[in-house]
């Protein structure tokens, strides 16, 4: 089954309070190139994330956006500097002793001292975040692959319809070759008759000239190879494995055979078919650039 290289997928998962959101976007690329954008606290998971994507996708430029959902609404949590609390408590006890006053200090008074409580980013549980990321990434990849399959099916339908047009034109070219030779024979005979002014035509020499023409314009080798390429192309389109690079190579080879056919041809109807085949092959080439 053909798969497109463009698509989008998203996933969300939670593990022991660690919530992770993943979004994937992919576009055409000659190889599989993965760019991962992680929160700073999850930077250590960059490598395993890119590897997981490459295990599911063969080609395409893929951007991975990962967001870690904080446990608090503001994205920060209060952190208490216990060592500083102890120093404040010791200092307050010393002041009470020196002043001869009761040593009574409330928790609220200690908490209100500068630096005792500060807001900080929550500490990440990397193991749980990794599990959440793995599940969210799997969801996103599944959605991305499904979208690429849907688009790939549309591309497959278009490719097969255009391939059929090339096949028809190829058979028409094969049928026109003998007609082109007969037309050349008739024109050559007529021209010789006009130039010879009634002198008999050398049938053997005429046959040699026609044979030379037939050899120069013979495209059986080209059409045979073209038919083989078309058959291989159909096989790759029906296969389940990624085939974009092979299809691209086959399109180049088909262009080569059609160009050679056109250069050999001296028949207007064959030239018309060659132009039509080139146009269809160019459209096929453009579509193949989207295939994984």
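The values are calculated or read from the model by the stated rules, or taken from the named source; none is laboratory data. If you're wondering where the values come from, they're calculated on a predicted model, not measured in any experiment. Cβ sites come from the backbone with ideal geometry, for glycine too, and all protein chains shown count toward neighbours.
Just one of (1) part of a helix (DSSP H, G or I); (2) at pLDDT below 95; (3) more than 16 Å from residue 165 (Cα to Cα) fails for residue 253. It is (2). Residues that are under 28 Å from the mean Cα position of the chain (by Cα) and surrounded by fewer than 16 Cβ atoms within 10 Å (Cβ to Cβ) are absent from the range 83-103 altogether. Criterion first (over 54 Å from the mean Cα position of the chain (by Cα) and exposed (fewer than 12 other Cβ atoms within 10 Å of the Cβ)) does residue 108 satisfy it? Criteria met by residue 108.
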